[in-house]
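Have a look at the structure below, then the notes.
The values are calculated or read from the model by the stated rules, or taken from the named source; none is laboratory data. Since the structure is predicted, the reported quantities are computational estimates derived from the model, not experimental observations. With ideal geometry, Cβ positions are generated from the backbone for all residues, glycine too; neighbour counts draw on all protein chains shown. Note: areas computed on protein heavy atoms with side chains; ligands, DNA, RNA excluded. Shrake-Rupley method; radii C 1.70, N 1.55, O 1.52, S 1.80 Å.
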Amino acid sequence: MKLYIVGAGPGDPDLITVKGLTLLQEADVVLYADSLVSEELIKKAKPDAEIIKTAGMHLQEMVEVMVQHVKTGKKVVRVHTGDPAVYGAIMEQMALLKKEGIETKIIPGVSSVFAAAAAVGAELTIPDLTQTLILTRAEGRTPVPEFEKLRDLGKHQCTIALFLSATLTKKVMKEFIAAGWSKDTPVAVVYKASWPDEKIVRTTVEHLDEDMKKNGIRKQAMILAGWALDPDIHDKDYRSKLYDQAFTHGYRKGVSTR
C-alpha cells in the first residue's frame, strides 16, 4: 500500500515535474490544499478522479481519508504546494500513515524560493560575494529553535530566503540590523511567485515593512534578502571560475590570458 506526495511547484501549473503530472493524471483520488495549489493544475486529473480539498481539514481527518482510500486499492496522490520538503508538514502525515502500514513516495517540486529568484532575475550564490543560502522563517506564533534565531543566522551575511514571514517584517528588519546588516541591504519580495497576479517589490532592509504595507502584501510572499539581490549586480565584476577561460577542469583546459 502506497501514497504519493507530489510537489505541485510554486503556482504556475506548468512548473510541476513530468513525474508529478503523470501521477496526478493517473490518480483515483487527489487531495490538495485548495488555498495554495492552482485549480488549473488539479483540472489535469482524470475526469473520474475524486478530488478532495483539504484546506479546512485537520491532520487526523486528512490522514483518515487518505488511509481509507489507499486501503480500498485506490491510487491516492496528495498534492503539496512548492516542494514538500520545505515547510510541507509532511513528516507528521508520514508518521501516521506508517502506523497504518502505508508507504509514502515523495515527488519533489519547484520551491517558491527558486520561482521567486527566477522572477527577479537573481542568482542567489554570487562568487566572491556570497556562496551560502539560508532558508528559514521569522519567529512568530511558531517558535524557532534557540540556535536558529534570525539575528544569529544573519551574522553569516549571506543570502537569506524567508518563508512564512510576510506579517513579521518589523521583526525581520530589527533582527537583520541587530545582526550587523546595513539598512540599505537589498531585499526582493515576491508575492505569489509564478501566479498570474505575481507582484515584485524591490526594497531595502530599512524600508521592508513600509513597502510591503504600501503594496498590501501580508501573505504568500517570499522575502529574499542580501547583496545578491542588488538590482545593479549585473554591472559589477563578480565572475565564477566555471566559465573563466583560464580555469582548467575535467572538461576543458584553461587558456592563459597573458
- request: First compute the accessible area of the stretch 170-242 with a 1.4 Å probe, then give the percent of it belonging to carbon and sulfur atoms.
  value: 50 percent
- request: Compare the Cα positions of Leu97, Gly180, Leu59 along the charge dipole of the chain (+1 at Cβ of Lys, Arg; -1 at Cβ of Asp, Glu; about the Cα centre) and return the one farthest towards the positive end.
  value: Leu97
- line: So the compactness index of the stretch 8-133, its C-alpha Rg divided by 2.2 N^0.38 Å, takes the value 1.17
- prompt: Which of the listed residues, Ser194, Ile106, Thr81, is farthest toward the dipole's positive end in the chain, when Lys, Arg count +1 and Asp, Glu count -1 at the beta-carbon?
  reply: Ile106
message: If I take the Cα coordinates of the stretch 51-195 and project them onto the principal axes, what are the three extents in Å, biggest first?
response: 58, 32, 25
- prompt: Dimensions of the chain along principal axes (Cα, Å, largest first)?
  reply: 68, 49, 36
field: For Ile106, distant residues with modelled amide H under 5 Å away
entry: Ile5
message: Probe of 1.4 angstrom, ligands and nucleic acids ignored: what's the accessible area per residue over the chain, in square angstrom?
response: 55 Å²
task: Would you mind checking the pairs Lys44/Lys75; Lys19/Lys99; Lys53/Lys192; Lys2/Lys44; Lys174/Lys199; Lys46/Lys105 and listing those with alpha carbons more than 18 angstrom apart?
output: Lys19/Lys99; Lys53/Lys192; Lys2/Lys44; Lys174/Lys199; Lys46/Lys105
message: Positive end of the dipole of the chain, charges at C-beta (+1 Lys, Arg; -1 Asp, Glu), about the Cα centre: which of Thr169, Asn215, Thr22 has its Cα farthest in that direction?
response: Thr22
- prompt: Nearest 20 debye, what's the magnitude of the dipole of the chain about its Cα centre given +1 on Lys and Arg Cβ and -1 on Asp and Glu Cβ?
  reply: 380 debye
message: Going Cα to Cα from Lys71, which aspartates and glutamates come in below 16 Å? Please leave out same-chain ones fewer than 8 positions away.
response: Asp28, Glu50, Glu61, Glu100, Glu103
